[in-house]
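Written below as structure tokens is the structure these notes are about.
Nothing in this text is a laboratory measurement; each read-out follows from the coordinates by a stated rule. As the structure is a computational prediction, the values presented were derived from the model and not from experiment. Glycine also receives a Cβ, built like all others from the backbone with ideal geometry; neighbour counts cover every protein chain displayed.
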Amino acid sequence: MTTAYSQALDRVTRVRGVRGAMLVAGDDGLVIAEQLMEGIKGPAVAALASSLATRLRRAMAAAGVGNSLFWHLQCDKGALLVVFSGSGVLVVAVAEADVNVGLVRLELLRAAEAVG
Amino acid sequence: MPEDIRALSAQLAQDPQSLVFLRLAELLRQKRQLDAALRVAISGLERHPHLADAHDLYARVLTDKHDYERAFDEWDMALRIAPNHTGALKGLAFLYFKVGDVDQARAHLETALKVDPDDATLAQALEMVQQGAPPAADAAVPPVEAPVSGAEVAPLEDARVFAGLEGAEEGLLLLDPAGRVLGGALKDRHGADVTDAVAAYLAGVSQEAARTAKLLGLGSWTGLAAEGGEGNVFLKQPSPEAMLLVVRERGVPMGRLAVIANRAAQAASRWLERQV
């Protein structure tokens, strides 16, 4: 993993309650880089996150609300948070349910900017 | 202010517990002073919550204001209190006809006619329903605009899901898992109807979200918030067989969007229960 990617993910995983972060290629759902806690299946999560992102992006474009920038899947035992970088890379975070969503979003946006 | 309204208002002011509010609100309604009629009806209903006539009156005002969802509830309540209330039976017949349920409309009118066989307006309404024309909710006053074809009736059925909620006609959508529209509608910022396109893209999203949550050991998904360049959206599941989409402009913060989505989900959940 390159230093730039590693540093980008470091910032995200440092947020309290974040269990892992990944960079995923938005078009094919493959993992570019990851820093995940043990037990999280990176490739599978990447594939599903990418697929969900694609559906959402299309629906949002059809609804006329523009390109999807950030989404947050809320679950009763945690959350999945995703930011789109300009280059089509998804920055993904897996977090606890009580995580500071605003802070994670901010770090994901910074990471997306860093990876371009 | 016309003398009769003034006189009735004075009577009510003198004795707020009296039933004169029924006549006053009805008179205001007939004169199309609907906001004033609504205030009087609500105030009377608060004092006489078990009076079927008060619920009937309130329902008629709500119908004039096109709030059919709540009107339905009020007439339903009137019938629970007084099962033979012909005003409520006639009102429900009118609403059933509006949503295309001719059988229910006919059944309610027939019941009303059994209760009051001398009421010529009921016989007339029943005849109209049998001919495919809408009965009047209130024969004494011209009804609100009444659809006469199936094509005009269908959108009302959908709109009822979110009746009374902000954005019911352009920013709230209820879908089944296959992406079929159950209620609501979506319009883009230019006013174009985008309901079907968005519904098609959202088909399968709930399954995808559920799979993702399961794989990550996150339990069940409870909501999906997404920010777009020009607007925000929120997805929720009011029931396992339905998905709710709320769309708002970007100026509406995510937290506020979640509150709107919760309210809409409650309305959708109630509506879905009634469909069973």
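Against chain B, whose longest principal axis is taken from its Cα atoms, helix B:102-115 shows a tilt of about 30°. Using C-alpha pairs below 8 Å separated by at least 6 residues, the relative contact order for chain B is 10 percent.
Springs join every pair of Cα atoms under 10 Å in this Gaussian network model of chain A, and among A:MET37, A:MET22, A:MET60 the largest mean-square fluctuation is at A:MET60. The separation of the range A:1-63 from the range B:214-229, counted between C-alpha centres, amounts to 13 Å. In loop segments of the range A:20-116 as defined by DSSP, the GluC sites (Glu not before Pro) with at most 14 further C-beta atoms inside 10 Å of their C-beta are A:GLU38, A:GLU96.
The distance separating the Cα centre of the range B:1-53 from that of the range A:73-108 comes to 55 Å. On the beta carbon distance between B:ARG80 and B:GLU127, with R0 = 22 Å, the FRET formula returns roughly 0.20.
Report the FRET efficiency, 1/(1 + (r/R0)^6), for A:ARG110 and B:GLU166, where r is their Cβ-Cβ distance and R0 is 35 Å, rounded to 0.05.
For A:ARG110 and B:GLU166, the calculated efficiency is 0.50.
Counting only other chains, what is the mean number of Cβ atoms within 10 angstrom of the Cβ of each residue in peptide B:228-240? Neighbouring Cβ atoms belonging to other protein chains average 4 per residue here. Each Lys and Arg adds +1 at its Cβ and each Asp and Glu adds -1 at its Cβ; summed about the Cα centre, the range B:165-217 shows a dipole of about 320 debye. Entry note, the range B:3-148: relative contact order of 15 percent, from Cα contacts under 8 Å with a spacing of 6+ residues. For the residues A:VAL101, A:VAL12, A:VAL24, a GNM of chain A with alpha-carbon springs under 10 Å puts the largest fluctuation on A:VAL101.
Here the relative contact order of the range B:177-276, from alpha carbon pairs under 8 Å that lie six or more residues apart, stands at 18 percent.
Entry note, the protein assembly as shown: the mean residue ellipticity at 222 nm calculated from DSSP H runs of n ≥ 4, each adding -39500 (n - 2.57), is -16500 deg cm²/dmol after division by the residues and rounding to the nearest 500. Inter-label distance, B:SER239 to B:ARG39: 4.0 nm, where each label sits 7 Å from its Cα along the C-beta direction. Here each label is just a point 7 Å from Cα along the line to Cβ, and for B:ALA7 and B:SER220 those points are 6.1 nm apart. Could you list, in their original order, any pairs among B:LYS98/B:LYS236; B:LYS31/B:LYS98; B:LYS187/B:LYS214; A:LYS41/B:LYS236; B:LYS98/B:LYS187 whose Cα atoms are separated by more than 31 Å? Distance filter (> 31 Å) returns B:LYS187/B:LYS214. Residue by residue along B:202-213, Cβ atoms of other protein chains within 10 Å of the local Cβ number 5 on average.
Other chains near A:44-56: what is the mean number of their Cβ atoms within 10 Å of each residue's Cβ?
On the way: counts 4, 3, 0, 2, 8, 4, 0, 5, 7, 2, 2, 7, 10.
Mean shielding count: 4.
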